[in-house]
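Bear in mind these aren't lab numbers, they're just calculated from the coordinates by the rules spelled out. Everything numeric in this text was worked out from a predicted model, so none of it was measured. Neighbour counts are summed over all protein chains in view; Cβ atoms, including those assigned to glycine, are modelled from backbone coordinates with ideal geometry.
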Amino acid sequence: MHNIKFNYRYRDAGNYKNHGWVVFDNPHNVELRDLETLIQTKLIDETYFYVDQWLLPDLHFSIWNNQLDHTWHEFESIEHTNEAPNTAFSLTDFMSAIEKVKPFKW
């Protein structure tokens, strides 16, 4: 059984980046393509999401410029990994949180 690693980042207005990832236990053997399909249906412009809605750790920098910086994060990828989970939050709960997100409309 492979765990699943969700890779994402925050990029501020100056293009400085903070990278992060969460490794989920995958006891139900969720297929990457199924998870990626779910993720893609909820992203803003096929890239962005709000970490608070997805229940993920915030990667914002401590210095914030209200006129330039934004609040969303960028999805990078998902992958199988042999790394140990780094969260007690289950993959099922993560998927449920994503499912609850309403599609973004400009």
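Farthest towards the positive end of the charge dipole of the chain, among the residues 82, 66, 98, is the Cα of 66, using unit charges on the Cβ of Lys, Arg, Asp and Glu.
Could you pull out every one of the lysines with an alpha carbon less than 18 Å from that of residue 102, ignoring same-chain neighbours closer than 8 positions? Here the lysines satisfying the reach criterion relative to residue 102 are 42.
Relative to the dominant Cα principal axis of the chain, helix 91-100 is inclined by about 50°. By the helix-only formula, in which each DSSP H run with n ≥ 4 contributes -39500 (n - 2.57) and the sum is divided by residues, the chain has a 222 nm mean residue ellipticity of -6500 deg cm²/dmol. Placing unit charges on the Cβ atoms only, positive for Lys and Arg and negative for Asp and Glu, gives the chain a dipole magnitude near 200 debye about its Cα centre. The Rg/Rh ratio for region 3-100, using Cα coordinates for both the radius of gyration and the Kirkwood hydrodynamic radius, is 0.98.
Angle of helix 32-42 to the longest C-alpha principal axis of the chain, folded into 0 to 90 degrees and rounded to 10: 30°. On the basis of the beta-carbon distance and an R0 of 22 Å, residue 17 and residue 64 show a calculated FRET efficiency of 0.90.
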